[in-house]
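Throughout, read-outs are computed from the coordinates displayed, never taken from laboratory work. Everything numeric in this text was worked out from a predicted model, so none of it was measured. Here the Cβ is made from the backbone with ideal geometry for all residues, glycine too, and neighbour counts use every protein chain on show.
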Amino acid sequence: MMLSPVEPVCFFQRQFASAIKLLGNIVRWQGLLSNDIVIQIGIDSLLNRYLILGLRTFTDPLVAAEKCKMISNVLPRSWLSANSGVAQLEMFIRQVRQITEKLKNAS
């Protein structure tokens, strides 16, 4: 059976959305588990390994920006502050900056 070109894209979109939902569920453990453990599982293992790789595959910077917004919406606000000390977010921050530059160049 041959897959249409749309089916893999839909599958990828569902997997990406599920990974964001999983990230949100993981960070909800903040306060119950050690912050280091939550960061290791949520940021190191899920965001930096899988979600950022997925962000890099989006060719449309508007879509990538929307996905970045979805990710930032599930992260604890305390992690997103300038003095949070969550160095593991550096890869995500760099990716957001790259997408921002693409948006600036496109307009």
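General remarks:
- Computed label-point distance, nm, for sites Ser18 and Ser78 using a 7 Å Cα→Cβ extension: 3.1 nm
- Among (1) 15.0, 53; (2) 16.6, 52; (3) 13.9, 43, the entry that matches Rg and Dmax of the Cα atoms in Å as calculated here: (1)
- By the helix-only formula, in which each DSSP H run with n ≥ 4 contributes -39500 (n - 2.57) and the sum is divided by residues, the chain has a 222 nm mean residue ellipticity of -19500 deg cm²/dmol.
- Stretching Lys104 away from Val9 to a fully extended chain increases their span by 31.6 nm, per 0.36 nm per residue minus the current alpha-carbon distance.
- Placing pseudo-labels 7 Å out from each Cα toward the beta carbon at Ala87 and Arg28 gives an inter-label distance of 3.1 nm.
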